[in-house]
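Structure first, then comments.
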Amino acid sequence: MVSNYLALCRWLDRLTLVFTGLLGALMIGVVLITVVLRYGFGTGSIKLQDFANYSFAVFLILSVPLALARDVHVRVEVFSERLGPRYLQMADALAWLFAIVPVFGLILWAGWKDVTFAWTVAEGSVTPGGLGGLYLVRTMLLVAAVLTIAQGLAWVLRPAAVFR
């Protein structure tokens, strides 16, 4: 059961990484096009600017579960450098239980109503003539919260051989 869960989390992590990488590449391309249009041809596109903003928001949001899955998140190493793997396992479990689940659970609980409303009204850009689909960006906040909780649990459940 645990190995199936860990395999699912690895698959979700790879999927998130590919999606985020493609989104990052698209964002770079769109920003480059926007700059060339603005400074090279004296024109621009609000929709392209909105796409770059949406892409950056989703890229940033999805970086949280990616960082957690790869153990590149911010951690205070004052004590853990001197203590063994058993301490790290306990600290990770406590961090997941008392930090990750409450914070990202609150994001899910508080954000659900806003995302539901955004879908109901098909929320788009606040800029006139801008890109629609802002509700998709809002939805990614909830997706990232679920992925973060799942990746945190996977980190706690990982085999003992993985510990530093």
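The values are calculated or read from the model by the stated rules, or taken from the named source; none is laboratory data. In this text, all values refer to a predicted model and were calculated from it rather than measured experimentally. Cβ: placed from backbone, ideal geometry, glycine included. Neighbour counts: every protein chain shown.
Among the residues in the stretch 96-105, are any within 27 Å of A52 (Cβ to Cβ) and modelled with pLDDT of 95 or more?
First, pick out the residues of the stretch 96-105 that are within 27 Å of A52 (Cβ to Cβ): 104.
Now narrow it down to the ones that are modelled with pLDDT of 95 or more: 104.
Checked the stretch 96-105: at least one residue is within 27 Å of A52 (Cβ to Cβ) and modelled with pLDDT of 95 or more.
What about G124, is it touching a helix residue (DSSP H, G or I) at 6+ places or on another chain (Cβ under 7 Å) and either of a type in the set (A, V, I, L, M) or without any contact (Cβ under 8 Å) to a residue 24 or more places away in the chain (or both)?
Numbers: touching a helix residue (DSSP H, G or I) at 6+ places or on another chain (Cβ under 7 Å): yes; either of a type in the set (A, V, I, L, M) or without any contact (Cβ under 8 Å) to a residue 24 or more places away in the chain (or both): yes.
Here the answer is yes, as G124 does meet what is asked.
Quick one: which of R158, R82 is in contact (Cβ under 8 Å) with a residue 24 or more places away in the chain, of a type in the set (K, R) and either under 19 Å from D13 (Cα atoms) or loosely packed, with under 12 Cβ neighbours inside 10 Å (or both)?
Values: R82 fails: in contact (Cβ under 8 Å) with a residue 24 or more places away in the chain.
Matching residue, one of R158, R82: R158.
Just checking, does the stretch 106-124 include any residue being of a type in the set (D, E, K, R) and either in contact with a Cys (Cβ under 6 Å, 6 or more places away or on another chain) or assigned to a loop (DSSP other than H, G, I, E, B) (or both)? Please lay out each step first, then the result.
Filtering the stretch 106-124 down to residues of a type in the set (D, E, K, R) leaves 113-114, 123.
With either in contact with a Cys (Cβ under 6 Å, 6 or more places away or on another chain) or assigned to a loop (DSSP other than H, G, I, E, B) (or both) added as a condition, the list becomes 123.
Among the residues of the stretch 106-124, at least one is of a type in the set (D, E, K, R) and either in contact with a Cys (Cβ under 6 Å, 6 or more places away or on another chain) or assigned to a loop (DSSP other than H, G, I, E, B) (or both), which makes the answer yes.
Please verify whether A145 is under 20 Å from F59 (Cβ atoms), surrounded by 19 or more Cβ atoms within 10 Å (Cβ to Cβ) and touching a Lys or Arg at 6+ places or on another chain (Cβ under 8 Å), treating the condition exactly as stated.
Numbers: under 20 Å from F59 (Cβ atoms): yes; surrounded by 19 or more Cβ atoms within 10 Å (Cβ to Cβ): yes; touching a Lys or Arg at 6+ places or on another chain (Cβ under 8 Å): no.
In short, no.
For the stretch 85-94, indicate whether the set of residues that are exposed (fewer than 12 other Cβ atoms within 10 Å of the Cβ), in contact with a Phe, Trp or Tyr (Cβ under 9 Å, 6 or more places away or on another chain) and part of a loop (DSSP other than H, G, I, E, B) is non-empty.
No, every residue in the stretch 85-94 fails to be exposed (fewer than 12 other Cβ atoms within 10 Å of the Cβ), in contact with a Phe, Trp or Tyr (Cβ under 9 Å, 6 or more places away or on another chain) and part of a loop (DSSP other than H, G, I, E, B).
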